[in-house]
Amino acid sequence: MRFHVLTLFPEFFGSALATGVIRRAREERRIEVSLHQLRDYATGPHLQVDDAPYGGGPGMVMKPEPLVTAIEHIAADPAGSPRRILLSARGARFTDARARALAREPSLLLVCGRYEGVDERVAAVVAEELSLGDFVVTGGEAVALVVLDAVARFVPGVLGNEASPGDESFAAGLLEHPHYTRPETFRGVRVPAVLLSGDHAAIARWRRQESLRLTLARRPDLLAAAPLDADDRAFLRTLGWSD
């Protein structure tokens with residue numbers, strides 16, 4: 001899978017792309033990442049990419065000409081036109097399900113916004129807008145890195161254990177259960193006995209119930225869409241949940 005990132009700050013990605021799972025995935029050619037400098041598509045003596053907003057107001061707005069020129073140039077990639085995604089605070093919330101879906105695309109173009117925002121006319125040349133949540137960051141680079149990492153994890157072969165993506169928070173619509181490793185006792189707290197029992201059915205039941213418990217306590221909104229069976233609902237009711 002190939003990722004294109006259009007940005008004013010390609011250097012932002014240096015250490016992240018050279019570290020851990022992403023580095024290995026690139027070395028094994030399971031993913032490719034191409035960083036594109038937006039100013040390479042700007043014109044004029046100062047290679048200007050932003051200007052004051054019409055109607056007044058604080059901040060600067062990213063100009064449409066260099067962005068659209070860059071997006072259309074990258075989309076003409078002979079290897080295949082990428083799905084074009086603008087990273088924007090007003091975009092749809094990025095989710096585990098969206099990451100899975102995007103991992104099925106042959107290539108993506110992540111467009112990093114900056115300053116006060118992006119000229120509205122850029123929206124006409126992208127397929128969608130994505131946001132990480134109800135907050136604002138200084139630029140789309142941090143968002144692009146999260147999206148790239150989350151999507152890459154679902155590309156076959158990127159993770160050593162192919163079962164890992166299906167056994168984590170949000171994969172089944174719930175938060176993930178707690179994990180423990182050695183030592184068996186740390187600062188007076190012991191690993192739950194069920195995890196030492198060797199009883200795989202009991203372990204699976206404990207993990208499911210702990211996942212439900214954590215989701216109810218921290219993200220009860222997820223329960224409305226989670227696939228719950230009768231046992232799940234009965235357990236949640238013992239915790240005070242009302243469906």
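The values are calculated or read from the model by the stated rules, or taken from the named source; none is laboratory data. Just so you know, these numbers come straight off a predicted model, no measurement behind them. Glycine gets a Cβ as well: all are built from the backbone with ideal geometry, and neighbour counts include every protein chain shown.
Structure summary
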quantity: Residues of the stretch 92-130 classified as within 21 Å of VAL151 (Cβ to Cβ) and touching a Pro at 6+ places or on another chain (Cβ under 7 Å), total; calculated: 3
quantity: Matching residues in the stretch 38-57 - criterion: being without any contact (Cβ under 8 Å) to a residue 40 or more places away in the chain, part of a loop (DSSP other than H, G, I, E, B) and surrounded by fewer than 17 Cβ atoms within 10 Å (Cβ to Cβ); calculated: THR43, GLY44, PRO45, HIS46, LEU47, GLN48, ALA52, TYR54, GLY55, GLY56
quantity: Residue within the stretch 188-197 that is part of a helix (DSSP H, G or I), under 30 Å from THR95 (Cβ atoms), without any contact (Cβ under 8 Å) to a residue 40 or more places away in the chain and outside the structural domain of ARG93 (by TED's automatic domain parsing) present; calculated: yes
quantity: LEU148 being closer than 30 Å to GLU27 by Cβ and out of contact with any His (no Cβ under 6 Å at 6 or more places or on another chain); calculated: yes
quantity: Candidate set: the stretch 3-21, residues that are farther than 10 Å from HIS36 by Cβ and either of a type in the set (Phe, Trp, Tyr) or touching a Pro at 6+ places or on another chain (Cβ under 6 Å) (or both); chosen: the one surrounded by the most Cβ atoms within 10 Å (Cβ to Cβ); calculated: PHE3
quantity: Complete set of residues in the stretch 101-160 that are within 14 Å of the chain's Cα centre (by Cα) and at positive phi; calculated: GLY133
quantity: Entirely in the stretch 58-150, the strands (runs of 3 or more DSSP E) that have 3 or more residues that are surrounded by fewer than 16 Cβ atoms within 10 Å (Cβ to Cβ); calculated: 83-93
